[in-house]
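Beneath this line is the structure, given in structure tokens, with notes to follow.
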Amino acid sequence: MAAAMAIATPHQLQFGSHAGMASVVGLRVTPCRVQVPMRGFVMPQQRSLRMVCVRASAVVSQEIDAEQAAEGPVVIESPKKKEKAFYKEKGRSKRFMEVQKLRVKKQEYDPATAIRLMKDTSSVKFVETAEAHIRLNIDPKYTDQQLRATVSLPKGTGQVIRVAVLAQGEKQQEAKTAGADLVGAEDLIEQIAGGFLEFDKLIATPDMMPKVAKLGRLLGPRGLMPNPKAGTVTVDIIKAIGEFKAGKVEYRADKTGIVHVLFGKSNFTAEDLLANLVAVANSVDANKPSGAKGVYWKTCYLCTTMGPSVRVNVTQLREFKLSGS
């Protein structure tokens, strides 16, 4: 054993491969695996070192075999890997895990039942928002398959909407009469450029748009930039303010072709939520992109802000929509 330790020093055992070698730790010699050296040119000193290490490993292995024969077989256990939590349950609260048992995962429900289950799963201490997530068979990277529109919810949104208006002259007085929360022109633009964003909708007249253009980087990512498709660039200020105050919401398909739109609050009655959901379905169909081919609707899920999703039968929703319209 001592001779083996003298031949196979720790410095020598650091060389390349470890197949059949031994690592020396103090006065104890323990076996370790040896890697086969890479093919290629080998320096003479490396070749001689390899031969010394192989001889040392033979001596060490004989000593270890004798010890193991006396002490009995040695069982080496590999370290146990931690079991990973199921990916969909990882990070979920106990409350969520309990309420999701109220519905069967991936099962399709008729619209009325889906809304009832969505309301039953709302168990937090605040009033949650009811959301619809609709996957469409479109690819928004093509201009003829993009979807952006608005829908007026007949039962409202349950939210207090703060409307700001950019206009000049008589339009400013019309906006104040219609109930706008903020009205201005260049002065309001400067406030917004300075970081003032205390509003939910920004409506502008067409003549103000060249001046509003410089706010694109600030308002665009927040969904506040006035746009004709969203009904926020118009000459009829009174009508626009009335619609957004009454429950008009804007929606658009994201880059994966999914529409995310709110259609009320969890404290709404089931009938009111169903009426708003039907209005959303009507609007999505009415604004179908010209480039959409094949099956337009893929799936539709309902959920509250902190609740699990409930899948809606798309066919029944559209049939209900047609019979109720």
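Using the Cβ-Cβ distance between Gln316 and Lys239 with R0 = 30 Å, the FRET efficiency computed as 1/(1 + (r/R0)^6) comes to roughly 0.30.
Label zone (Glu186, point 7 Å along Cα-to-C-beta; backbone nitrogen cut-off 12 Å) within the stretch 207-225: 211. Length gained on full extension, Lys293 to Met97, computed as 0.36 nm times the residue gap minus the Cα-Cα distance: 66.7 nm.
The residue among Ala253, Val235, Gly223 whose Cα reaches farthest toward the positive pole of the charge dipole of the stretch 211-257, with charges on the beta-carbon of Lys, Arg, Asp and Glu, is Gly223. For the stretch 124-188, the solvent-accessible area with a 1.4 angstrom probe is 52 square angstrom per residue. Give the shape of the stretch 167-322 as rounded, prolate or oblate, defined through the alpha-carbon gyration tensor: a ≥ b ≥ c are the square roots of its eigenvalues, a/c under 1.5 means rounded, and otherwise the shape is prolate if a/b is larger than b/c and oblate if not. It is prolate, given that a/c is not under 1.5 and a/b is the larger ratio.
Please identify which residues in the stretch 196-215 have an amide N closer than 11 Å to a label point set 7 Å out from the Cα of Arg162, following the Cα→Cβ vector. Output list for this probe position: 196-201. Close Lys pairs in the stretch 163-246, defined as Cα atoms under 24 Å apart and 8 or more places apart or on different chains, number 21. Length gained on full extension, Glu198 to Lys229: 8.9 nm, using 0.36 nm per residue less the C-alpha separation.
Relative protection proxy for 305-311, 141-147, from highest mean packing down: 305-311, 141-147 (other beta-carbon atoms within 10 angstrom).
The values are calculated or read from the model by the stated rules, or taken from the named source; none is laboratory data. Owing to the predicted nature of the structure, the values given are computational and were not obtained by experimental measurement. Cβ atoms come from the backbone with ideal geometry, glycine included; neighbour counts cover every protein chain shown. Note: accessible area is taken over every heavy atom of the protein model, side chains too, but ligands, DNA and RNA are not part of it. Shrake-Rupley method; radii C 1.70, N 1.55, O 1.52, S 1.80 Å.
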